[in-house]
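Here the structure is laid out as structure tokens; the discussion comes afterwards.
The values are calculated or read from the model by the stated rules, or taken from the named source; none is laboratory data. Because the structure is a prediction, the values reported are computed rather than measured. Backbone-built Cβ (ideal geometry, glycine too); neighbour counts: all protein chains shown.
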Amino acid sequence: MIFNSINFLYFILCFFPLYFLLSRQLRLQNYLILVASLFFYACWDYRFLALLLANVCMDYYFGIAIYNARDPKIKKRILTVAVIMNIGILFFFKYYNFFIQSFNELTHIHLNSLNILLPIGISFYTFHSLSYTIDIYNDKLAPTKDFVAYASFVTFFPQLVAGPISRAKDMLPKLTSERKIDADRMTSGLSQITFGFFKKMVVADTIATFVDPVYNNLHMVSDLSILLAVIFYSFQIYCDFSGYTDIALGLGKIFGIELKVNFNRPYFSKNFSEFWERWHISLSSWLRDYLYIPLGGNRKGTGRTYLNLFITMLLGGLWHGASYNFIIWGALHGTYLIIQRLLKFKLPGLLAICITFGLTTLTWIFFRAQTLHDAMYILQRIFMLHNKQLTSVFTVMKLFYLTGILLAMDLLFVNYFDKVDRKAVIINVLLLVHILLFSTFAGNSFIYFQF
Amino acid sequence: MSLFIKRLCILLALAMIVQVGVYFAFKTLLDHRSQFRLSRYFRQPRHQHYILGNSRAVNAVNEQYATQSKHTDLINLGFNGMNYQTISALISDINTKQTNATLFIEITGLLEEKQDDSYAYYMGNSPFLREQYKNTKYAYLHLMRLNNEIFLRNIYYLKKSDADWINKYTISENIIEETRKLAPNDTTMANRPLLIKRMRNIVENCNQYNNKAIFFLAPYYPEYLKKLSQYPPLIDTIQQLHVFDFHDLNTLKIPTTGFSDRIHTNISSSLQITEYLLRL
């Protein structure tokens, strides 16, 4: 059940009245969130419901055990077991086959791979719950006694399958204290949902109609088509993921459980540090707090800082999926961050934005291409640019228009949805008109669901 | 809560009103001014010759050459992905408006099964197209009728006509190489009974109005044609029936430079094809 489907509309039409009928009964409301979230997840694949529940129970009790253990060594041992179990499950489902195949290629030994399906959202909910146990270990959080509130935090349906990756210390207070109905906040949520649908259904899905055929038929299309597909993919993935996040944040606002901002106009970044403070903020801050800083951060000298940065970005790439392409994507971002620290001078604003965007766009090639060979082939074609034939001129014109609208929105109407005024109403109506006029209504899934 | 519901209803009501207004504003302007072929047709539907079919028909027949050099009254109504349902609706529309005309129909469009909603754009212009989209979302959400490439083309052709559109590209070495590597394709043109049935329907429809239906198969790039295993039996089936005026233009021996890709011809061969069809 995806946000841009009719089934989700029915789901919300059932959930919404019940949720507000229970507005004075917090515990029952949390039960409803939990049941609705499990139903939402079961609609994807009920077979992995048990895995999700096992993850919830496991970390809930690990949290209590860590908190109750008096001996720091025992605390550490419990945490180690918790981390190994969480990462172990994630590894098994997501990376087992990749490592087996890589091992086979390297050693020429034949170990059998397994026919494993990837449980949707596993990378996200594993990180939700892992932050809970680590925060308890670091004395940043006391374990909650309210299992339902905890389970609702991990499984909260707007953020369950593609984030943002929430922290228990931010979310649990919102689930354990009374939520008040606020018409302005709900209206702001509605505006943000409208903007999210515009990004996803209009910009991202329309771009997909051009980009997907190009990436699937690289040998049949012109160099110019490949170049345009590479550029537009930057906007596709941004609109797809930030569109999903806007819908999730908007739903959170309507239900009185606000989620953390995940995107802040990333393509206006002047360097890569800034880019990672604006792109998938919940993941980059998670990696910073739970990986980069524990590795030593910038406290152990320049060389070690660079190494830590590189390892963090490499693992950040691997988090997205089990493939060399993602590893290279992460490694390239790590390299950019190191080079940026080595080169101490600052470029003028617009030039810096263009260079950062250009490199980010080139790096997305590894993220999008199906194989490493395809990625290298694309790079070769776009730099040669021999064949400039363009068959889908009208689609390309539409894409320029839509990305123009998107950039105008990000430049002129930043977070317009935070205000409840006439301007917001006019923008929302215009966005809805654009949805009717340009949306593909294809019910395309979100790119980040595969992670 | 009630305030939020009220705001939600106002937003939806405003959006509904605006979408109807935007639709009629665009449609009125484009119907009167656009020089896109289908809009030209609905403004002035009476012609001597009509071309119908998908993109292969568009690329095969050069409207400008036919009208200016050959002084023939011809309109090429072919469009990307045009399927049987749309071709049939357009033929019915032509039949009610013109008699003693010749309709040239490229047959691969008759095998197009993919539902293409682009023609909802013209549901207000033709009762036959309106019939196709009744009880669909297009009947209720007017603006969605413009959610297609036909709308963009209508805007693009506000200042100039698409009658002089030509395909000037030549098939690339990459495509030639990939075509050589292709596995035989036994699905294209496979449903011969359906094609024959549809051709019969078209002939019957045209005969009622004294219009003549001529079917043709636009050329394929020869290397690609070799991969279409259903091509020879299809031609045999049609020719053995002796009921259709059918012309396989693959017999024209178009050189490699006459193709823009493996299924479309370009400007150089379109002159040859147009001339051939006009001689019929």
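Side notes on the structure shown:
- Those residues of region A:365-398 which are surrounded by fewer than 18 Cβ atoms within 10 Å (Cβ to Cβ), closer than 16 Å to residue A:230 by Cα and among the aromatic types (Phe, Trp, Tyr), in sequence order: A:377, A:383
- Counting only residues that are in a helix (DSSP H, G or I) and either more than 14 Å from every other protein chain (Cβ to nearest Cβ) or not aliphatic (A, V, I, L, M) (or both), region A:379-419 holds 23 of them.
- The listed residue being within 26 Å of residue A:412 (Cβ to Cβ), within 14 Å of chain B (Cβ to nearest Cβ) and among the basic types (Lys, Arg), out of A:200, A:260, A:253: A:253
- Each residue in region B:118-148 was checked for being surrounded by fewer than 18 Cβ atoms within 10 Å (Cβ to Cβ), of a type in the set (D, E, K, R) and assigned to a helix (DSSP H, G or I), and 3 of them qualify.
- Single residue of region B:61-75 satisfying the filter (in a loop (DSSP other than H, G, I, E, B) and at negative phi) that is surrounded by the fewest Cβ atoms within 10 Å (Cβ to Cβ): B:73
- Among the residues of region A:264-296, those identified as surrounded by fewer than 21 Cβ atoms within 10 Å (Cβ to Cβ), more than 18 Å from residue A:132 (Cα to Cα) and among the aromatic types (Phe, Trp, Tyr) are A:267, A:268.
- Region B:21-53: number of residues that are closer than 22 Å to residue B:260 by Cβ and either hydroxyl-bearing (Ser, Thr, Tyr) or touching a strand residue (DSSP E or B) at 6+ places or on another chain (Cβ under 7 Å) (or both): 4
- Selection within region B:131-148: residues that are more than 9 Å from every other protein chain (Cβ to nearest Cβ) and charged (D, E, K, R). The member of this set that is farthest from residue B:37 (Cα to Cα) is B:134.
- Members of region B:110-136 found to be of a type in the set (D, E, K, R) and within 20 Å of residue B:96 (Cα to Cα), listed by number: B:130, B:131
- Residues that are of a type in the set (Phe, Trp, Tyr) and in a loop (DSSP other than H, G, I, E, B), drawn from region B:214-261: B:220, B:221, B:244
- Taken residue by residue, region A:432-442 has at least one member that is under 30 Å from residue A:317 (Cα atoms), more than 9 Å from chain B (Cβ to nearest Cβ) and in contact with a helix residue (DSSP H, G or I) (Cβ under 7 Å, 6 or more places away or on another chain).
- Count of region A:154-209 residues which are crowded, with 24+ Cβ neighbours inside 10 Å and small (Gly, Ala, Ser): 8
- Pairs are defined by a Cβ separation below 7 Å, a sequence spacing of at least 6 or placement on different chains, a first member in region B:170-192 that is over 23 Å from residue B:233 (Cα atoms), and a second member that is surrounded by 17 or more Cβ atoms within 10 Å (Cβ to Cβ) and hydrophobic (A, V, I, L, M, F, W, C); the pairs so defined are B:171/B:259.
- Helices (runs of 4 or more DSSP H) fully within region B:1-60 counting 3 or more residues that are away from chain A (no Cβ under 11 Å) and surrounded by fewer than 18 Cβ atoms within 10 Å (Cβ to Cβ): B:2-33
- Residue, modelled with the highest pLDDT, within region B:165-198, restricted to residues that are under 23 Å from residue A:221 (Cβ atoms) and touching a Leu at 6+ places or on another chain (Cβ under 6 Å): B:185
- Hits in region A:8-57 - residues which are at pLDDT below 90 and among the polar types (S, T, N, Q): A:23, A:25
- Number of the exception - residue B:196 against (1) part of a helix (DSSP H, G or I); (2) surrounded by fewer than 16 Cβ atoms within 10 Å (Cβ to Cβ): (2)
- Of the residues making up region A:17-38, those that are touching a residue at least 24 places away in the same chain (Cβ under 8 Å) and part of a helix (DSSP H, G or I) number 12.
- Which listed residue is surrounded by 13 or more Cβ atoms within 10 Å (Cβ to Cβ) and either in contact with a Pro (Cβ under 6 Å, 6 or more places away or on another chain) or at pLDDT 90 or above (or both), from A:63, A:88: A:63
- Test result for residue A:322, of a type in the set (Gly, Ala, Ser) and either within 14 Å of another protein chain (Cβ to nearest Cβ) or in a loop (DSSP other than H, G, I, E, B) (or both): yes
- When residue A:258 is tested against (1) of a type in the set (Asp, Glu); (2) over 17 Å from the mean Cα position of the chain (by Cα); (3) outside any helix (DSSP H, G or I), only condition (2) is not met.
- Candidates B:114, B:70, B:27 - the one that is in contact (Cβ under 8 Å) with a residue 24 or more places away in the chain and touching a His at 6+ places or on another chain (Cβ under 9 Å): B:27
- Candidate set: region A:399-432, residues that are surrounded by fewer than 12 Cβ atoms within 10 Å (Cβ to Cβ) and basic (Lys, Arg); chosen: the one farthest from residue A:231 (Cα to Cα): A:422
- Scoring residue B:95 on the criteria (1) within 10 Å of another protein chain (Cβ to nearest Cβ); (2) part of a helix (DSSP H, G or I) leaves a single failure, condition (1).
- Of the residues making up region A:104-114, just one is surrounded by 13 or more Cβ atoms within 10 Å (Cβ to Cβ) and assigned to a helix (DSSP H, G or I), namely A:104.
- Number of positions in region B:88-111 that are in contact (Cβ under 8 Å) with a residue 60 or more places away in the chain and under 23 Å from residue B:144 (Cβ atoms): 1
- Residues satisfying the stated conditions in region B:149-171, i.e. within 13 Å of chain A (Cβ to nearest Cβ), over 16 Å from the mean Cα position of the chain (by Cα) and assigned to a loop (DSSP other than H, G, I, E, B): B:157, B:168, B:169, B:170, B:171
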